[in-house]
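So the structure is just underneath, and the comments pick up after that.
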Amino acid sequence: DAGVIQSPRHEVTEMGQEVTLRCKPISGHNSLFWYRQTMMRGLELLIYFNNNVPIDDSGMPEDRFSAKMPNASFSTLKIQPSEPRDSAVYFCASSLRGDTEAFFGQGTRLTVV
Amino acid sequence: QQQVKQSPQSLIVQKGGISIINCAYENTAFDYFPWYQQFPGKGPALLIAIRPDVSEKKEGRFTISFNKSAKQFSLHIMDSQPGDSATYFCAASRVAAGNKLTFGGGTRVLVKP
């Protein structure tokens, strides 16, 4: 398996634009997580899906952020409109429900100018 | 509220030396305590993990010590190598709640040859 695949690896966008980050979890995994990493706040959980259903979105910072998981092999994190303070590295991770190890993708580095 | 506190923020150790990183948690419901290793430009990867029913776990040069009463755990890297230079994150989660990870702030370790 190629692991968790995220795209794009880098994204530079202008303030106010819509940004969509994509994630393909490891085949067979039924839990998916989106994390954000910044210097100020470290690694923080944004949202958690189980069997494609959002279970905990308490970490989503604002209504500008939304996430979907239309099927077991794809998830998106959308920011609309984007702001400079959204600049961060966004990680997607997946695991088997009931298993403990979470596998992380390589991340998307987002820069909002 | 930061639920997992990690120290030190950075660490320099000579090759062959011991690196020690400490973490403290607040939520007594946590029952899974992993350490993740992250190299620049990569996502975090699981290094070693422990459950609260044991006080120590060793895997090669890496050892976790766990003190349930003090709500503290630590990572020891024995015989540190330049290839160990990375950022290390402790984390905690409650497995039954979906294993959502709460991360410490990270420790940047530099092993000098």
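The values are calculated or read from the model by the stated rules, or taken from the named source; none is laboratory data. Since the structure is predicted, the reported quantities are computational estimates derived from the model, not experimental observations. When we count neighbours, we look across all protein chains shown, and the Cβ atoms used for this are built from the backbone with ideal geometry, even at glycine. When the accessible area is computed, the model is the full protein with side chains, heavy atoms only, and any ligands, DNA or RNA have been set aside. Shrake-Rupley method; radii C 1.70, N 1.55, O 1.52, S 1.80 Å.
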### Query
So which strands (runs of 3 or more DSSP E) are wholly in the range A:1-106 and hold at least 1 residues that are acidic (D, E) and within 22 Å of B:G41 (Cβ to Cβ)?
A:10-13, A:42-50
### Query
How do the strands (runs of 3 or more DSSP E) wholly within the range B:40-113 filter down when requiring 1 or more residues that are within 14 Å of another protein chain (Cβ to nearest Cβ) and free of Cβ contacts under 8 Å to residues at least 40 places away in the same chain: which remain?
B:45-50, B:56-59, B:62-67
### From B:I12, B:I21, residue being in contact with a Phe, Trp or Tyr (Cβ under 9 Å, 6 or more places away or on another chain), of a type in the set (V, I, T) and at pLDDT 95 or above
B:I21
### Task
Return the only residue of A:S27, A:S82 being among the small types (G, A, S), away from every other protein chain (no Cβ under 14 Å), more than 24 Å from B:G104 (Cα to Cα) and surrounded by 17 or more Cβ atoms within 10 Å (Cβ to Cβ).
A:S82
### Residue, surrounded by the most Cβ atoms within 10 Å (Cβ to Cβ), within the range B:35-55, restricted to residues that are over 11 Å from the mean Cα position of the chain (by Cα) and hydrophobic (A, V, I, L, M, F, W, C)
B:A45
#### Entry: Residue check, A:F49 aromatic (F, W, Y), within 30 Å of B:P52 (Cα to Cα) and at the interface with chain B (Cβ under 9 Å from one of its Cβ atoms)
no
### Query
Just one of the numbered conditions (1) under 22 Å from B:F33 (Cβ atoms); (2) of a type in the set (D, E, K, R); (3) without any contact (Cβ under 8 Å) to a residue 24 or more places away in the chain is not true of A:K68; which one?
(1)
### Of all residues making up the range B:77-104, the number that are of a type in the set (G, A, S) and surrounded by fewer than 16 Cβ atoms within 10 Å (Cβ to Cβ)
3
### Query
Which ones in the range B:64-101 are among the polar types (S, T, N, Q), modelled with pLDDT of 95 or more and closer than 28 Å to A:H29 by Cα?
B:T87
### Query
Restricting the search to the range B:66-76, which residues are open to solvent by 30 Å² or more (accessible area, probe 1.4 Å) and under 10 Å from the mean Cα position of the chain (by Cα)?
B:H76
